[in-house]
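Just below is one structure, and these are the notes that go with it.
The values are calculated or read from the model by the stated rules, or taken from the named source; none is laboratory data. Not measured: the values here are computed from a predicted model. Every residue, glycine among them, receives a Cβ derived from its backbone with ideal geometry; neighbour counts consider all protein chains shown. Ligands, DNA and RNA are stripped out before the accessible areas are found, and what is left, the full protein with its side chains, is counted by its heavy atoms. Shrake-Rupley method; radii C 1.70, N 1.55, O 1.52, S 1.80 Å.
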Amino acid sequence: MINTLKIEFAQAYGAEGQPVQYFFSPGRVNLIGEHIDYNGGYVFPAALTLGIYGAIRLRQDNLIVLKSLNAMPVVTVDLNKPIENQSADGWANYPKGVIKYLLDSGYSLKGCDILFLGNLPDGTGLSSSAALLVLTAFMLRTVNSDTAIDKVELAKFAQKVENQFIGVNCGIMDQFAVAMGQKDCAILLDCETLQYKYIPFALKEYSLVIMNTNKKRELSESKYNERRNECEQALAVIRRYTPAANLCQATLANVEDYLTDDILRRRARHIVSENIRVQTAVKLLEQGDINGFAQLMTASHMSLKDDYEVSGQELDAMVDSAHRASGCIGARMTGAGFGGCAIALVQTDKLEEFTSVVAAEYKTSTGRTAAVYVAGIANGVSLLKG
Ligand code: GLA
């Protein structure tokens, strides 16, 4: 990838000028703990070896040129003019937002040429937007100053750009995983305090598989906001009786005793039970009980399907196909839901058979073509040796 990026950069911007610097920002999967980050509980994501590469070189003027080998248009930002979100700028609104918010936070930026190249399928719930935001912020900070970059602050900054400039009301999980990932480890993150712990994701004779439904997450934004709202309503009711700081601090008994509305009760039951599942799953993993961990992944999917209602026909079909194929010990949707990707833990020596059975079964039940890859777990955003 980096060699392609080098050649393409010289073609796009010319071979002359200051040195070019190269960077990588991973996508992420969440292993368990879905829709928990905005409810203040525990999530367990990992950064992927799939992601977005970026190349950057300073210019002599006040322009930042943004090009991507994956998307159009090319957008030029004049650092002396107001920066606004414009729908015609498409993908480039993400880096534009980063530029604006860095300037607004008092960083001085020089003009530069930037080229991106990703191998992360976008719109599939693997956090391509968080990867792009974190990458742009890390690149611009690195070329503009020598001061150390606090990656937790970087994640919070990227979330702010996504919330305020892009207008997506996401939690902190994706940006945190992309910025703070560690090779071969998953991150146990407390979303209330941002305390975290790296847990080796040692799978013995199993592999982590990503299964792309190839169904874009169409409804995801409106339904995502609806779920956030339902969680807030559920918390408000529970707080009439008990002083929970967030929904994850409520107990299952609180949920059953105080929530009379069926929808709110089911939403809250997912959140409280999922937060417990994360903590149990991580303990099992630490004890080397991969089967126990995988069973909780499956339980998580059932709760997201039945109580939280964020999976959908394609994700359910994919998870069902995975369970029917031999070698699978657990499977679930990952990310916001309503399309995108599911993940599974699969016996490594059965991978080939698993992939062909899943692809065939999924095609029969949905008419769609699945993409199945074995996931590698990578470090968070980083400067690459050119
Ligand atoms: C999306 C959001 C995250 C998180 C997940 C669901 O990926 O960006 O903040 O809420 O959905 O777990």
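Charge dipole of the chain (Cα centre as origin; +1 on each Lys and Arg Cβ, -1 on each Asp and Glu Cβ, all else neutral): 480 debye, rounded to the nearest 20.
When the chain is treated as a GNM with alpha-carbon contacts under 10 Å, the residue of S129, S222, S365 showing the greatest mean-square fluctuation is S222. Put simply, the stretch 1-133 fits an ellipsoid with semi-axes of 28, 19, 13 Å; these come from the alpha carbon gyration tensor as the roots of five times its eigenvalues, largest first. Using heavy atoms of the protein chains and a probe of 1.4 Å, the accessible area assigned to E353 is about 90 Å². When the square roots of the Cα gyration tensor eigenvalues are ordered a ≥ b ≥ c, the ratio a/c for the stretch 242-386 is 1.5 or more and a/b exceeds b/c, which makes its shape prolate. Applying 0.36 nm per residue to the separation of D257 and N3 and subtracting their alpha-carbon distance, the gain on full extension is 85.4 nm. Couplings for the stretch 83-99, taken from phi via the Karplus curve 6.51 cos²θ - 1.76 cosθ + 1.60 with θ = phi - 60°, read 10, 10, 6, 10, 4, 4, 7, x, 3, 5, 4, 5, x, 4, x, 4, 4 Hz in order; Gly and Pro are left as x. Within the listed set A325, A71, A336, the Gaussian network model of the chain (springs between alpha-carbon atoms below 10 Å) gives the highest mean-square fluctuation for A71. Rg over Rh for the stretch 73-183 works out to 0.93, using Cα positions for both radii and the Kirkwood form for Rh.
Based on protein heavy atoms only, the chain ends up with 41 Å² per residue of surface accessible to a 1.4 Å probe.
Between K385 and T147, residue separation times 0.36 nm minus the direct Cα-Cα distance comes to 83.8 nm. For V272, the accessible area of its heavy atoms, probed at 1.4 Å with every protein chain present, is near 0 square angstrom. Which pairs, out of K156/K283; K96/K305; K183/K363; K81/K216; K6/K96, put more than 30 Å between their alpha-carbon atoms? Too far apart for the 30 Å limit: K96/K305; K183/K363; K81/K216. When DSSP beta bridges are restricted to pairs lying wholly in the chain, around 90% turn out antiparallel. In whole percent, how big is the carbon plus sulfur part of the accessible area of the chain, probe 1.4 Å, protein atoms only? Accessible surface attributable to carbon and sulfur in the chain totals 49 percent. Share of Cα-Cα pairs in the chain beyond 34 Å, in percent? In whole percent, the share of Cα-Cα pairs in the chain beyond 34 Å is 30.
A helix-only calculation puts the chain at -13000 deg cm²/dmol for mean residue ellipticity at 222 nm, using -39500 (n - 2.57) for each DSSP H run of at least four residues, averaged over all residues. Can you say what percent of the DSSP beta bridges in the stretch 19-157, counting only those with both residues inside, are antiparallel? Round to 5. Restricted to the stretch 19-157, the bridges split so that about 80 percent are antiparallel.
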